[in-house]
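Each remark here refers to the structure printed beneath this line.
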Amino acid sequence: MAVRFDDRIATITAQGADDPLARAAMWRQLVDILAQTNVRDLSPLTRDSAYAFLEQGRQIIDPTGRRMIASALGGRRLSLDMVRFFAADRPEVAAPLLLTVRLDPTEWSQLVASIGPVARSLIRQRRDLDPAVRRQLDHFGPSDLMLPDDRAPADAPDAAPDAVLDLSGLE
């Protein structure tokens, strides 16, 4: 039996593209390949290289384009790495994927534990989550439901650098 070597990821990440349209096409191709590939079949070096390329591209590809790509992945089973990648993006980019992606309860639990409050707030909108995952989200509730205090330190005396503005008493 012949062993087939898959070098699609290495081919994309090794290419240089100064043209923004070419870079966007390469980014889209890489997302598609990773969405269709079993992550366990990738070496850690290949996986890390692919996600580093995607992360760099996130700074170049406009949010509307990223949102369209995330929408195209909606409703599918994806690797946890791919879902985490999009969960770290802007809410308008992450939403179409997080609201429709299919994960098993263990994957949901791992995802919830590894993402930020904005992505968790999107996931809270789902009605198909396992009760254990819903309880896990509830555990994050108090910290997730506070808004950051964006005032300058001079405007907020005695504020710690990571201070948040608690609006729970305003009703």
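The values are calculated or read from the model by the stated rules, or taken from the named source; none is laboratory data. These numbers come from a predicted model, not from an experiment. Side chains are part of the model used for accessible areas, which takes the heavy atoms of the whole protein and leaves out ligands, DNA and RNA. Shrake-Rupley method; radii C 1.70, N 1.55, O 1.52, S 1.80 Å.
State the Kirkwood hydrodynamic radius of the stretch 54-111 in Å, one decimal place, computed from all pairs of distinct Cα atoms. If you can, show how the numbers build up before the last one.
Working: mean 1/r = 0.0877 Å⁻¹.
It is 11.4 Å.
P(r) for the stretch 38-139: what percent of alpha-carbon pairs falls in each 5 Å bin, starting at zero?
2, 12, 24, 24, 20, 11, 6, 1
Please give the contour-minus-distance gain from R90 to D41: 0.36 nm per residue of separation, less the Cα-Cα distance, rounded to one decimal in nm. Before the final figure, lay out the partial values.
Working: separation 49, 0.36 × 49 = 17.64 nm, distance 2.90 nm.
Length difference between fully extended and current span is 14.7 nm.
Roll a 1.4 angstrom probe over the protein heavy atoms and tell me the percent of accessible area of the stretch 45-124 that is carbon or sulfur. Write out the running numbers ahead of the final one.
Working: 1970 of 3550 Å².
Roughly 56 percent of what the probe reaches on the stretch 45-124 is carbon or sulfur.
Collect residues whose amide H, placed 1.01 Å from N in the peptide plane, falls under 5 Å from the amide H of R102; neighbours closer than 5 in sequence don't count.
The list, which skips near neighbours in sequence, is G75, R76, R77, L78.
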